[in-house]
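Reading through the C-alpha cells given below for one structure.
The values are calculated or read from the model by the stated rules, or taken from the named source; none is laboratory data. If you're wondering where the values come from, they're calculated on a predicted model, not measured in any experiment. When we count neighbours, we look across all protein chains shown, and the Cβ atoms used for this are built from the backbone with ideal geometry, even at glycine.
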Amino acid sequence: MPNEKNTDCQSSRPFRLENTIQNYAWGTRDQEAYITKLLGIIPESGQPYAELWMGVHPNAPSSIVDLEEGPLSLAKWISERPQERLSKDGNQSALPYLFKVLSAGEALSIQAHPNKRQAESLHQLDPEHYPDNNHKPEIAIAIDHLDALVGFISDQEFSALLETCPEFRSLINRNSGPTVTLKEGLQELFHIEEHDRKLIARTTNHIQQRLSQKSNPDEAEILFLDQFEKHGAEDLGLLFIFLLNRVELGPGEAVFLAPGVPHAYLKGNIIECMANSDNVVRLGLTSKFCDAKALQDILVYDGGSDFRVTQSRQGHLSEYASPVSEFRIKALVLAEGQSELFTSRTSLTMFLVVEGELSLHWGGENNSCTCILKQGHSFITPASLSEFDMLARLDSKLYLVEIP
C-alpha cells in the first residue's frame, strides 16, 4: 500500500487487512454467495459463505498484510504501540469492536446477547458454552435487504394470537387466568420447556397439521412450516416465530440490538458492528447448543418496541446512532470525482469498500503519498495518521468504524 518513491509515506500510513471467512451452514452459496462477490473470489461449490470478520477477536483475527517484514496479526501490531496506533488519548489498549459482513441464505438461530454482568456470570458458570465474557451490543445495516425477527410483539398482538392460534391458547392458559400478558405467557412457555418438552412437541405438531391444510398461510406461518421441517417438533424456537416482530430492512436501513433483545436474521446481506465479542445465548432453530434457562434470565420484555436506527448525515457521511462506547459506524458514499477529507484524527479507523474504487492521499512531501482501494478491500488508518483525503475514481461506497 505505501508509495515506495517517498520514504515519508512509511512513517504513518494506511494498512491493508486480511480477514477470515466463517463458513457457517446458514451462509449463502454458489452464485448467491455475497461475500465471494464482494472479495472477487470464486466460491467453492456448495460451500456456505456466512460471515467475514474484521478485528482482533481470537476466533477469527485479522492480519496486516502489507508490512515489509510480512503479515502480522492486527492485535499484536496494536499492542506494540497502542497510543500511536489505536488511540492517542491512551484510554484504549485493544480494539474494542468487531466489524463483520454477514450473508444469510437461511434462518439463523433465535438468540439474544447478555449484558456485561450476565456475560461474565455465564462465562464463570459454563465456560465450555460461554468462553467469551464480554457483552455484544450490535448494529445490523442492510447492504441490499434484511428479513429478520427482532423483539417481541405487543401485549395486544399477543392477545390476538391466542385467539387465532387455539394451540397456543390451550398451551398458555393451563396455569394462567383468562387474561395473559406476553411476559406471563413467555414464562409459562419456559416452564413447560423445562418440565414437559413432549407437550411442546405435541403443540407444534398440532400447529403444523393445521397450517399444512391452510390455503393462504401468512409469512409467520410459512416460516413456521419451513423451520418445522428443518428442526423438528421439539424446538421451542418454532413457537417464538409467532412471538417476535417480523422486520424488513431496505438498503442502508438498520436496527440496533441491545442486550436481551431476542432476534433471528432470516435472509439478507448486512454490515454488522458489535462490541468485541462472540457471546450468544440461543433458544432454537439451530443444531447448536441452546440454553432456554439462560435466555429466560437475560430477555428484555419490551413488546412492540421499534429497534430501527436513525441516521444523521453530514455531507457524504451518514452516521448510525449506537448508544455504546465501543464503536461508531458510518457510511461514506462518493460519486466519481468526489472526495472526503478526514482531519484531526486521534484514533484508529477501520474501513471496508463495498462498491467502487478510490485513491487515498496522505502526508509525505506535498501530500504525495497515494494508494488505491477497490471493492472488497478492508484497511485501517492508525491514530498517528492525523489527516488524509479520499477521492472516488468510480462511484463508491464504504463503511467505516471509529472509536467514540
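Considering every residue within region 295-303, establish whether at least one is of a type in the set (Phe, Trp, Tyr), at negative phi and in contact with a strand residue (DSSP E or B) (Cβ under 6 Å, 6 or more places away or on another chain).
There is no residue in region 295-303 that is of a type in the set (Phe, Trp, Tyr), at negative phi and in contact with a strand residue (DSSP E or B) (Cβ under 6 Å, 6 or more places away or on another chain).
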*For region 369-401, how many residues meet the condition of being outside any strand (DSSP E or B) and either farther than 21 Å from Ser344 by Cβ or of a type in the set (Val, Ile, Thr) (or both)?*
6
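A quick yes/no check of all residues on (1) surrounded by 20 or more Cβ atoms within 10 Å (Cβ to Cβ); (2) among the acidic types (Asp, Glu); (3) in contact with a strand residue (DSSP E or B) (Cβ under 7 Å, 6 or more places away or on another chain):
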{"residue": "Asp30", "(1), (2), (3)": "no, yes, no"}
{"residue": "Ala33", "(1), (2), (3)": "yes, no, yes"}
{"residue": "Leu38", "(1), (2), (3)": "yes, no, yes"}
{"residue": "Ser45", "(1), (2), (3)": "no, no, no"}
{"residue": "Ala50", "(1), (2), (3)": "yes, no, yes"}
{"residue": "Ile64", "(1), (2), (3)": "yes, no, yes"}
{"residue": "Ile78", "(1), (2), (3)": "yes, no, no"}
{"residue": "Glu84", "(1), (2), (3)": "no, yes, no"}
{"residue": "Gly90", "(1), (2), (3)": "no, no, no"}
*Output the qualifying pairs, or none if there are none: Cβ atoms under 6 angstrom, residues six or more apart or on different chains, first residue in region 69-95 and at negative phi, second residue of a type in the set (S, T, N, Q) and assigned to a loop (DSSP other than H, G, I, E, B).*
Leu74/Ser62; Pro82/Ser93; Glu84/Ser384; Leu86/Gln92; Lys88/Thr346
*Looking at region 89-98, is at least one residue within 25 Å of Ala292 (Cα to Cα) and of a type outside the set (D, E, K, R)?*
no
*Which residue pairs have Cβ atoms closer than 6 Å, lie 6 or more positions apart in sequence or on different chains, and pair a first residue in region 140-164 that is free of Cβ contacts under 8 Å to residues at least 60 places away in the same chain with a second residue that is of a type in the set (A, V, I, L, M, F, W, C) and part of a helix (DSSP H, G or I)?*
Leu162/Phe168
*Residue that is surrounded by the most Cβ atoms within 10 Å (Cβ to Cβ) [pool: residues in region 155-210 that are hydroxyl-bearing (Ser, Thr, Tyr) and under 26 Å from Asp291 (Cβ atoms)]*: Thr204
*Restricting the first residue to region 211-222 and requiring it to be in contact (Cβ under 8 Å) with a residue 12 or more places away in the chain, which pairs with a second residue that is of a type outside the set (Lys, Arg) meet a Cβ separation below 8 Å and a spacing of at least six or different chains?*
Leu211/Pro217; Leu211/Glu221; Leu211/Phe224; Leu211/Leu225; Ser212/Leu225; Ala220/Ile241; Ala220/Phe242
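The rows are residues; the columns are (1) under 20 Å from the mean Cα position of the chain (by Cα); (2) surrounded by fewer than 17 Cβ atoms within 10 Å (Cβ to Cβ); (3) under 30 Å from Gly232 (Cα atoms).
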| residue | (1), (2), (3) |
| --- | --- |
| Asn279 | yes, no, yes |
| Lys288 | yes, yes, yes |
| Asp291 | no, no, yes |
| Arg328 | yes, no, no |
*Taking only region 145-192 into account, find how many residues are assigned to a helix (DSSP H, G or I), touching an Asp or Glu at 6+ places or on another chain (Cβ under 9 Å) and modelled with pLDDT of 90 or more.*
2
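Do you know which of the residues in region 352-365 that are at negative phi and without any contact (Cβ under 8 Å) to a residue 60 or more places away in the chain is nearest to the chain's Cα centre (by Cα)?
Checked region 352-365; the qualifying residue nearest to the chain's Cα centre (by Cα) is Val353.
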*asked:* Can you tell me which of (1) at pLDDT below 95; (2) under 23 Å from Arg85 (Cβ atoms) is the one Glu365 doesn't meet?
replied: (2)
*May I ask you to list the residues in region 279-318 that are part of a strand (DSSP E or B) and either without any contact (Cβ under 8 Å) to a residue 12 or more places away in the chain or touching a Leu at 6+ places or on another chain (Cβ under 7 Å) (or both)?*
Val281, Leu283, Gly284, Ser312, Arg313, Gln314, Leu317
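Quick check, is Val56 touching a Lys or Arg at 6+ places or on another chain (Cβ under 6 Å) and either in contact (Cβ under 8 Å) with a residue 40 or more places away in the chain or of a type in the set (Asp, Glu) (or both)?
No: the conditions fail for Val56.
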*One residue from Ser396, Ser384, Ser368 being closer than 19 Å to Arg313 by Cα and either surrounded by fewer than 21 Cβ atoms within 10 Å (Cβ to Cβ) or under 25 Å from the mean Cα position of the chain (by Cα) (or both)*: Ser396
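The rows are residues; the columns are (1) under 18 Å from Tyr320 (Cα atoms); (2) under 14 Å from the mean Cα position of the chain (by Cα).
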| residue | (1), (2) |
| --- | --- |
| Tyr97 | yes, yes |
| Ser103 | no, yes |
| Ala112 | no, yes |
| Asn115 | no, no |
| Glu120 | no, no |
| His123 | no, no |
| Asp126 | no, no |
| His129 | no, no |
| Asn133 | no, no |
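Would you check if Ile110 is surrounded by 14 or more Cβ atoms within 10 Å (Cβ to Cβ) and on the phi < 0 side of the Ramachandran plot?
Considered against the rule, which asks whether it is surrounded by 14 or more Cβ atoms within 10 Å (Cβ to Cβ) and on the phi < 0 side of the Ramachandran plot, Ile110 comes out as yes.
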*Please list, ordered by first then second residue, the pairs with beta carbon atoms under 8 Å, 6 or more apart or interchain, first in region 1-23 and modelled with pLDDT of 75 or more and surrounded by 15 or more Cβ atoms within 10 Å (Cβ to Cβ), second of a type in the set (Asp, Glu) and not in a loop (DSSP other than H, G, I, E, B).*
Ile21/Glu51; Gln22/Glu51
